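Just below is one structure, and these are the notes that go with it.
The values are calculated or read from the model by the stated rules, or taken from the named source; none is laboratory data. Every value quoted in this text rests on a predicted model; they were computed, and no experiment measured them. No Cβ is skipped: glycine too gets one built from the backbone with ideal geometry, and neighbour counts run over all protein chains shown. Calculation scope for accessible area: heavy atoms of the full protein, side chains included, ligands and nucleic acids excluded. Shrake-Rupley method; radii C 1.70, N 1.55, O 1.52, S 1.80 Å.
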Amino acid sequence: MLSIDRLRTGYGAREAVFDVSLSVGEGEVVTLVGHNGAGKTTTLKAAMGLLPVWGGTVSFLGRPITNSSSAANVRRGLCMVLEDDFVFRDLTVEENLQVAAFTTPADAAAGIRRDVFALLPVLAERRTQRAGTMSGGERRMLSLGMALMSQARLLLLDEPSLGLAPVLVEQVMGLVGRLVVERGLSVLMVEQNVDQALRIADRVYVLRAGRIAAEEDAAALRRRSQWWDLF
Ligand code: ATP
């Protein structure tokens, strides 16, 4: 589904990702882990078209998308959920979902919105509430709901558990796992909470100083008593 080959990128003149190759198969949950500053978010942003690719290639569904704009990538079925809950705070839940459906035909959008409300009842309950007055966990649910409205086939999730209480982390991970099973989505996720990510991951890549240091099977990691040595 997504294939990144020998990716190089950075900020200004400073290279942050030197050599990253990874793939995400259909219906797969792949997690990127690594220390702060290892280049995890940078990798997702370059794949999404939010940062220029300096070297290497990105392809999605077998077609090259290297240096495509993020808007074009959304139309292709990619969607990135940023770690700081990108929602429009002055708009209601319903209005946020409507904005997120900008690539979706209106009749299809109504059906998807019903599905989103069924999957995320908290959004249905809060449909007229302004996003800025919701809790962090509710806003995270809203940003996932918005990703679904774009009819994404591959979600790029940047630290979905960040800043959430443990019970909400479980809910978010449970939801991501359900989206994969029930809606056939694929997921590439950056996550510091490795224990939680391992609940739903199929494979894990370890990023160290802008390079892939290891690729592990998540089931094998789950059987290991500790994974700290990965880093
Ligand atoms: P974290 O877990 O802390 O979010 P990360 O693995 O996601 O870390 P990145 O955010 O990808 O790391 O950062 C990789 C490198 O790029 C770091 O050295 C960081 O300082 C640098 N960097 C990130 N964003 C910018 C930016 N906007 N401008 C300049 N340098 C940046």
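With one equal scatterer per alpha carbon and no solvent term, the Debye-computed log10 I(q)/I(0) for the chain at 0.14 1/Å reads -0.87.
Determine the share of segment 84-150's accessible area contributed by carbon and sulfur atoms, expressed in whole percent, with a 1.4 angstrom probe. Kindly include the intermediate steps, with their values, before the conclusion.
Numbers: 1640 of 3130 Å².
Solvent-exposed carbon and sulfur of segment 84-150 make up 52 percent of the total.
Note on GLU95/ASN67: beta-carbon distance plugged into 1/(1 + (r/R0)^6) with R0 of 45 Å gives a FRET efficiency of 0.90. Once the gyration tensor of the Cα atoms in segment 84-150 is diagonalised, the equivalent ellipsoid follows with semi-axes of 18, 12, 10 Å, ordered largest first.
Whole-Hz Karplus values for segment 205-215 come out as 10, 9, 9, 9, 6, x, 9, 6, 9, 6, 10 Hz, taken residue by residue from phi with 6.51 cos²θ - 1.76 cosθ + 1.60 and θ = phi - 60°; glycine and proline positions read x.
Please compute the modelled spin-label separation between GLU26 and LEU50, points set 7 Å along Cα→Cβ, answer in nm with one decimal. About 2.8 nm, to one decimal. Hey, what number do you get for the chain at 222 nm if only DSSP H runs of n ≥ 4 count, each worth -39500 (n - 2.57), divided across all residues, to the nearest 500? Computed mean residue ellipticity for the chain: -11000 deg cm²/dmol.
Taking amide H positions as modeled 1.01 Å from N, with prolines and chain starts lacking one, the residues under 5 Å from LEU7 and 5 or more places away or on another chain are VAL20, SER21, THR57.
Simple rule: put +1 on each Lys or Arg Cβ and -1 on each Asp or Glu Cβ in segment 101-231, find the dipole, and look at VAL190, LEU155, LEU123; the Cα lying farthest toward the positive end is LEU123.
Taken per residue, the accessible surface of segment 84-150 reaches 47 Å², heavy atoms only and a 1.4 Å probe. Couplings for segment 52-60, taken from phi via the Karplus curve 6.51 cos²θ - 1.76 cosθ + 1.60 with θ = phi - 60°, read x, 8, 8, x, x, 9, 10, 9, 9 Hz in order; Gly and Pro are left as x. Along segment 139-156 the Karplus relation, 6.51 cos²θ - 1.76 cosθ + 1.60 evaluated at θ = phi - 60°, assigns HN-Hα couplings of 5, 5, 4, 5, 5, 5, x, 5, 4, 5, 4, 7, 6, 5, 9, 10, 9, 9 Hz to successive residues, with x for each Gly and Pro.
Considering every alpha-carbon pair of segment 1-126, the percent of pairs per 10 Å bin, from zero through the bin containing the longest distance, is 11, 35, 32, 19, 3. Close amide H contacts of VAL81 (hydrogens built in the peptide plane, cut-off under 5 Å, sequence separation of 5 or more or a different chain): LEU156, LEU157, ASP158.
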